[in-house]
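**Q** My questions all concern the structure below.
The values are calculated or read from the model by the stated rules, or taken from the named source; none is laboratory data. This is a predicted model, so every value here is computed, not measured. Cβ sites come from the backbone with ideal geometry, for glycine too, and all protein chains shown count toward neighbours.
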Amino acid sequence: MSPGSPILAIRDLAIEIRGRRLVDVTELSVTRGQIVGLVGESGAGKSLLLSSILGLLPADATIQGSILFDGTELRGAPNRLLRDVRGRRIAVVLQGARAALTPTLRTGTWIDRALVLHGIPAAERRTRVAHALDAVRLDPVLLRRYPHELSGGEAQRVAIALAVALRAELILADEATSALDVTVQAEVAELFRELRQREGTSILIVSHDLALVAGLADRIDIIADGSIVERGGPSVLSAPQHRVTRELVAANPTLEQAR
Amino acid sequence: MIRYVVRRPGLLIGLTILVVLVIAAVLAPSLAPFPGDAGNDTNLLETLRRPGGLHPMGTDLAGRDVWSRVLFGVRVSVGVSLAVIAAALLVGIPIGLLAGAVGGLVDDLLMRIVDVFLAFPSLLLALAIAATLGPSMEHAAIAIVVSWWPWYARLMRGEAAAISGRAYVEAAHLLGVPAWRVAVRHILPNAIGPVIVQASLDLGGVILTFAALSFLGLGAQDPTPEWGLMVEQGRSLTSTQPWVALFPGAAIMVAALAFTLLGEGLRERLDPKGRARP
Amino acid sequence: MNNAIRLVARDLEVRYRGIELVARPALALDRLELVPGRSVALVGESGSGKTTALRALLGVIRPSAGTVEFDGVPLGRLRGTAARDFRRSVQPIQQDVDGALDPRQCLGDAIAEGHRAGGGSSRDAEATVARLLDEVSLPVSIATRHPHEVSGGQRQRAVIARALAVGPRLLLLDEPTSGLDATVQVRILELIERLRIERGLGLLLVSHNLGVVARLCEETVVLYRGEVVERGATRALMDEPRHPYTAALRRSVPEIGVPFRAPFNPSADSALLDGPGGCRFAARCPHATSPVCGQTQLLAPVTDDPDRLVRCIRSPELGILNPLA
């Protein structure tokens with residue numbers, strides 16, 4: 001783990017929709033090369049928080065507070081800046097990544113177009129894609145396939161490959177493994193670890209699966225009703241303080257316990 | 001609900017006109033100054049009077065009050081159109097439901113029959129029926145129903161086939177619910193949305209078609225106060241006594257517009273899959 | 001109603017139409033027996049054929065080979081009261097995600113429909129609905145709600161109540177907890193367990209999650225790409241897997257307090273990639289070697305345990321695999 005300056009620093013973030021405060025986070029940071037897990041149940045506000053980082057909130061939402069990405073304020077930033085950051089410096093991997101891919105383009109073309117969009121010249125595109133495929137352990141033959149010809153796990157890997165090709169410094173993964181088979185999920189989790197190791201990518205994982213995050217993240221933040229109720233390294237789960245954390249831990253019995 | 005309507009001017013206009021039409025239809029006998037003129041009465045002393053005074057819309061060639069005839073015309077033109085759509089739905093929906101829910105050979109057979117009927121444009125059919133049976137409002141109505149129902153059957157069949165594949169339909173079958181009940185209780189309500197929307201949009205079109213048929217002499221016959229017929233009767237007089245054709249013509253447009261606006265409003269209200277939003 | 005019912009699949013094969021040219025079927029299941037009181041798990045991932053198996057057991061899919069028999073009669077030959085008894089005795093619980101509830105039907109009506117389909121009278125429908133809602137721990141007030149107005153966990157409970165209303169002896173559950181929050185999953189599993197004991201039901205649980213399976217089922221059948229690769233008593237299978245895929249599944253289940261493990265470390269022998277007759281798992285197997293793994297693999301009992309079967313030609317020499325390695 002390489003300690004460093006925070007790549008993402010959220011302060012006093014408050015998001016309201018129609019008078020209801022749905023997110024109320026005093027502080028949340030991710031340092032370079034760190035994997036942070038944000039765990040909570042549905043409705044806890046985790047996806048909303050993630051959307052706010054990229055300025056992708058619903059029209060009737062109001063937002064206050066500060067979201068610093070590598071020292072630059074993202075909240076209320078002009079579109080030009082956000083467009084540059086989105087996708088290139090901050091990549092998003094969602095549940096069911098296949099839906100994020102353009103159905104009429106072969107995946108290779110899709111990746112190439114995204115690189116073109118962010119101004120990467122032709123020769124460099126080739127090297128970057130080759131490197132990304134290697135990092136993600138994706139068979140180049142899959143580049144010729146259309147999204148509907150890919151399995152769920154393969155589609156996820158394509159989305160992550162793009163993030164690598166764009167040299168994203170931060171990956172936001174929103175339930176990125178929830179719809180996947182358990183072995184595929186483990187492979188994607190392993191992939192995240194490798195990315196952190198080899199490329200120094202920081203990763204913010206949002207999930208409702210505490211056990212998955214526990215095995216992966218350097219730090220776990222438990223979110224409930226819009227606020228972070230407890231946080232710490234994986235060891236915090238062996239002696240949880242907050243009621244919500246205890247409930248989440250209890251809901252993930254080990255296979256030994258199932259006896 | 002009221003706020004919803006007010007925010008949509010099209011829907012508001014459509015509803016307003018509809019209310020006016022309903023009032024006209026229901027209260028025609030009381031509102032019309034010369035109710036008999038909508039029937040057999042004529043007044044040859046008052047032919048082709050300009051609009052004004054006793055006759056706000058003037059009189060026609062037979063001296064009949066145009067305003068009274070337009071009022072009663074709501075019952076005829078709109079009433080028959082509603083009946084025609086209802087009849088087409090009553091034929092088309094069960095056939096489409098059966099084809100979509102059962103599938104296979106039944107589906108193929110029924111849709112082939114539908115295709116045959118779809119080949120007939122309503123005007124040609126009306127001509128044929130009028131030529132054989134003699135022109136009348138009833139025959140024109142039959143002609144329109146015969147040429148219109150296949151569209152609803154086909155639309156219904158598509159929706160029913162899609163809904164039949166849904167998990168809750170299969171669940172109902174697996175519970176042991178008899179097939180007919182599954183079709184009526186689960187497939188029909190979920191599939192019917194787009195058909196109803198189409199029907200409400202078609203109302204405007206049927207009013208126009210019916211008027212067209214009557215205009216051609218294939219539909220309503222004198223002295224029935226059908227708007228299309230009235231337009232035909234005033235056709236040759238448009239340069240000198242325009243009101244004879246103008247007012248019934250405007251009535252046709254207004255009624256057709258109202259139903260089209262209502263249909264669009266309904267389409268917006270039901271989500272694209274044809275299921276009403278909560 | 002006959003309490004001692006049996007649903008048995010024998011040498012079941014399902015091939016999908018149009019893909020006859022492909023050598024191998026979508027599902028080849030040697031044997032599966034369901035009776036009230038026993039619970040069996042079908043474990044596998046996408047493409048394993050587990051959902052196909054469940055649908056064949058329900059009679060929704062017709063087998064290309066083999067039989068599915070209910071009380072000795074093949075499903076295709078059930079008529080009249082026998083067919084009706086089958087439907088009432090064997091009920092599926094679908095994943096709610098797919099919309100197993102009619103969006104226009106309120107939950108109370110859905111359950112009442114099950115009650116009537118099971119032969120109940122309209123007179124006691126209301127009382128039955130109340131009783132069932134209580135049994136699945138749902139408030140009676142929820143009967144007037146529609147599916148979109150309640151949470152995922154509540155919808156799942158309603159689906160269970162509807163199935164119970166028919167009075168089944170066997171429940172076939174397809175991923176009953178996927179898509180639900182972890183805490184909700186636990187409660188649904190507790191509910192299923194309680195119902196199983198209280199009503200003496202037989203269960204078939206289809207899942208890709210070993211944690212879920214371990215809790216509920218005595219017997220487990222592991223499927224990989226349409227074939228049974230290992231089967232036997234759940235506990236033994238989990239603690240001492242003998243097929244590399246079972247071991248990989250076990251490794252992939254995230255557990256708090258257990259260090260993270262990468263699932264597969266495939267061997268480099270690419271010659272084994274999907275040969276016509278060989279082991280279908282070879283391409284991802286850390287123990288795959290040619291030429292033996294390229295040969296047809298048979299499902300064979302492990303020595304000294306006839307109920308434990310493995311499809312791996314190397315199993316005798318590999319022995320028990322440590323999933324935690």
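**Q** Can you pull out every residue in the range A:162-195 that is under 22 Å from A:SER47 (Cα atoms) and away from chain C (no Cβ under 12 Å)?
**A** Once the filter is applied, which keeps residues that are under 22 Å from A:SER47 (Cα atoms) and away from chain C (no Cβ under 12 Å), the range A:162-195 yields A:LEU162, A:ALA163, A:ALA168, A:GLU169, A:LEU170, A:ILE171, A:LEU172, A:ALA173, A:ASP174, A:ALA176.
**Q** For the range B:40-72, which residues satisfy the criterion of being small (Gly, Ala, Ser) and touching a Ser or Thr at 6+ places or on another chain (Cβ under 9 Å)?
**A** Across the range B:40-72, the qualifying residues are B:ALA62, B:GLY63.
**Q** Within the range C:121-140, can you find the residues that are among the small types (Gly, Ala, Ser) and buried (at least 18 other Cβ atoms within 10 Å of the Cβ)?
**A** Of everything in the range C:121-140, just one residue is among the small types (Gly, Ala, Ser) and buried (at least 18 other Cβ atoms within 10 Å of the Cβ), namely C:ALA125.
**Q** Check C:VAL221 against each of (1) touching a Cys at 6+ places or on another chain (Cβ under 8 Å); (2) away from every other protein chain (no Cβ under 11 Å) and name the one condition it does not meet.
**A** Failed condition: (1).
**Q** Here is a further query. Counting only residues that are assigned to a loop (DSSP other than H, G, I, E, B), within 14 Å of chain B (Cβ to nearest Cβ) and either modelled with pLDDT under 90 or more than 24 Å from C:ILE5 (Cα to Cα) (or both), how many does the range C:121-169 have?
**A** Adding up the residues that qualify gives 4.
**Q** May I ask you to list the residues in the range A:35-59 that are within 11 Å of chain C (Cβ to nearest Cβ) and of a type in the set (Gly, Ala, Ser)?
**A** A:GLY40, A:SER42, A:GLY43, A:ALA44 - these are the residues of the range A:35-59 that are within 11 Å of chain C (Cβ to nearest Cβ) and of a type in the set (Gly, Ala, Ser).
**Q** So, in the range B:159-171, how many residues would count as being at the interface with chain C (Cβ under 7 Å from one of its Cβ atoms) and either at pLDDT 95 or above or within 16 Å of C:ALA161 (Cβ to Cβ) (or both)?
**A** The number of residues fulfilling the criteria is 2.
**Q** C:ARG87: charged (D, E, K, R) and more than 9 Å from every other protein chain (Cβ to nearest Cβ), yes or no?
**A** Against the criterion (charged (D, E, K, R) and more than 9 Å from every other protein chain (Cβ to nearest Cβ)), C:ARG87 does not qualify.
**Q** Within the range C:170-200, can you find the residues that are crowded, with 20+ Cβ neighbours inside 10 Å, part of a loop (DSSP other than H, G, I, E, B) and within 14 Å of chain A (Cβ to nearest Cβ)?
**A** C:GLU175, C:THR177, C:LEU180, C:ASP181 - these are the residues of the range C:170-200 that are crowded, with 20+ Cβ neighbours inside 10 Å, part of a loop (DSSP other than H, G, I, E, B) and within 14 Å of chain A (Cβ to nearest Cβ).
**Q** Condition first: closer than 20 Å to B:PRO225 by Cβ and not in a helix (DSSP H, G or I). Now tell me which residues in the range B:1-46 satisfy that.
**A** B:ALA32, B:PRO33, B:PHE34, B:GLY39, B:ASN40, B:ASP41, B:THR42, B:ASN43
**Q** Kindly check whether there is at least one residue in the range A:85-99 that is away from chain C (no Cβ under 14 Å), in a loop (DSSP other than H, G, I, E, B), among the β-branched types (Val, Ile, Thr) and under 30 Å from A:SER151 (Cα atoms).
**A** Within the range A:85-99 (the criterion being away from chain C (no Cβ under 14 Å), in a loop (DSSP other than H, G, I, E, B), among the β-branched types (Val, Ile, Thr) and under 30 Å from A:SER151 (Cα atoms)), the answer is no, since none of the residues qualifies.
**Q** Residues being farther than 17 Å from A:VAL36 by Cβ and more than 11 Å from chain C (Cβ to nearest Cβ): count how many of those fall in the range A:226-238.
**A** The qualifying residues number 1.
**Q** For the range C:232-248, how many residues meet the condition of being within 20 Å of C:ASP307 (Cβ to Cβ) and in a helix (DSSP H, G or I)?
**A** 9
**Q** Could you list, ordered by first residue, the pairs with Cβ atoms under 9 Å in which the first is in the range B:104-123 and farther than 22 Å from B:SER164 by Cβ and the second is assigned to a loop (DSSP other than H, G, I, E, B) and among the hydrophobic types (A, V, I, L, M, F, W, C), at least 6 apart or interchain?
**A** B:LEU123/B:LEU216; B:LEU123/B:LEU218
**Q** Determine, yes or no, whether A:VAL116 is among the aliphatic types (A, V, I, L, M), surrounded by fewer than 21 Cβ atoms within 10 Å (Cβ to Cβ), within 14 Å of another protein chain (Cβ to nearest Cβ) and assigned to a helix (DSSP H, G or I).
**A** no
**Q** Taking into account only those residues within the range C:50-84 that are of a type in the set (Lys, Arg) and more than 10 Å from chain B (Cβ to nearest Cβ), which is farthest from the chain's Cα centre (by Cα)?
**A** Filtering first and then ranking leaves C:ARG79.
**Q** On to the next question. Would a scan of the range C:105-118 turn up a residue that is touching a residue at least 24 places away in the same chain (Cβ under 8 Å), in contact with a Ser or Thr (Cβ under 8 Å, 6 or more places away or on another chain), away from chain B (no Cβ under 14 Å) and more than 19 Å from B:PRO178 (Cβ to Cβ)?
**A** yes
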